[in-house]
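Remarks on the structure that follows.
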């Protein structure tokens, strides 16, 4: 049996990789990565600079790991739905093995590839790996999908029976000599028109395992109490590894389960939230285009270019919101608490369409995952599945005082506030005029109380509801 193992950017590892293990047990293995212009055309690559940097570094690490096993990563340019069937025929492969994607465009790609392979007497075999359970398999007692997280999580835990993560193959058969010269090198960032960013997390399976070990040996113990602190390194930073599959979600789950404690349970709950977002997108593929709650269709979002630019550039006058904006562009990451505050501010204080924020974050995030990013933005706007109530509006000052009490997070990303006393760092406009004049920091572009009332009036008028 000759199998193409199609690596697709969300499974860049050799450990706990079921398609690779299945192919190796069946016979010859042809590892393939397609440089699809959907992502790798220079104009498209520039739309995801930090993700592309992590992806290319992880690809090189994967290629090195495959060579260590005795094989080689075959890299070919072209549209996946054309390239994969063509190569399967040219290489006389019996089957193509890959991990399943939940995104609608990925599902359409796989449909086209499967149809082309089937016409030629070959098969596309999809394996689970991006999620803990098969998307679409977690159903209510009535047979429908879950719309609320808590019962979904209970159902997952009742069904979850994870096997031990698969070890990497000890060796792989060498490639047939006829295939060795027919591929191309992995492109560099510069060839795609991008410059390296030293603040972006390092890619590759080795770096991912180091991050996992660092987390379970350290921050995990206090995760329950420290995960919301923006000024402390209390989170795992594993979201990018789960996004690109440099770690499998099963490996992360099992590593955390092995560490007993309340904080372990809190982190596992976050993995179930991730699971929920992927199952939602599988059940409702239109979520990337429209709100989950149909009553939000046509919501009267404001078109305010000046307010949008202030939010994007970190000039709103609200320090946590502005720190999140600066961190996003600087290192392709934003602390989850800061993400929620920034998203709430854009959608509710500024009444800007959540889809603008969703797209902006997807552009800059290294861990930009379609399902999770969309779920988070719809949650913040109040129009998503299991969303926070639309009438709940984060107070950015109160959030800062609670989760960044000394202003460490804000001062890291807003150096103009470095000398601001901690008591005023989340509301610098309250300083006396002489001190305030020394700060090169703008006043708030909106007053919290007035912006809150404006949103509530707009939402009540449109949705026909009353806030409690």
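Where a number appears in this text, it was derived from the coordinates with a stated rule and is not lab data. Fair warning: this is a prediction, and the values are worked out from it, not measured in the lab. Virtual Cβ from ideal backbone geometry, glycine too; neighbours counted across all protein chains shown.
A straight chain from residue 268 to residue 68 at 0.36 nm per residue would run longer than the Cα-Cα distance by 68.7 nm. For region 294-463, the relative contact order works out to 26 percent when only alpha carbon pairs closer than 8 Å and six or more residues apart are counted. Its DSSP H runs of at least 4 residues, each contributing -39,500 (n - 2.57), put the calculated 222 nm mean residue ellipticity of the chain at -14000 deg cm²/dmol, to the nearest 500.
Taking 0.36 nm per residue of separation and subtracting the Cα-Cα distance, full extension of the segment from residue 157 to residue 137 would add 5.9 nm. If you take all C-alpha pairs in region 294-463, what percent of them are over 29 Å apart? So the portion of pairs separated by more than 29 Å is 17 percent. In the chain, the DSSP beta bridges split such that about 5 percent are antiparallel, to the nearest 5. Based on Cα contacts under 8 Å between residues 6+ apart, the chain shows a relative contact order of 17 percent. Which stretch or stretches of region 289-328 have amide N atoms under 16 Å from the point lying 7 Å from residue 197's Cα along the Cα→Cβ direction? Label zone hits: 312-314, 323-328. Put simply, the C-alpha atoms of the chain give a gyration tensor, and the ellipsoid matching it has half-axes of 41, 24, 22 Å, longest first. Here r is the Cβ-Cβ distance between residue 297 and residue 170 and R0 is 60 Å; the resulting FRET efficiency, rounded to 0.05, is 0.65.
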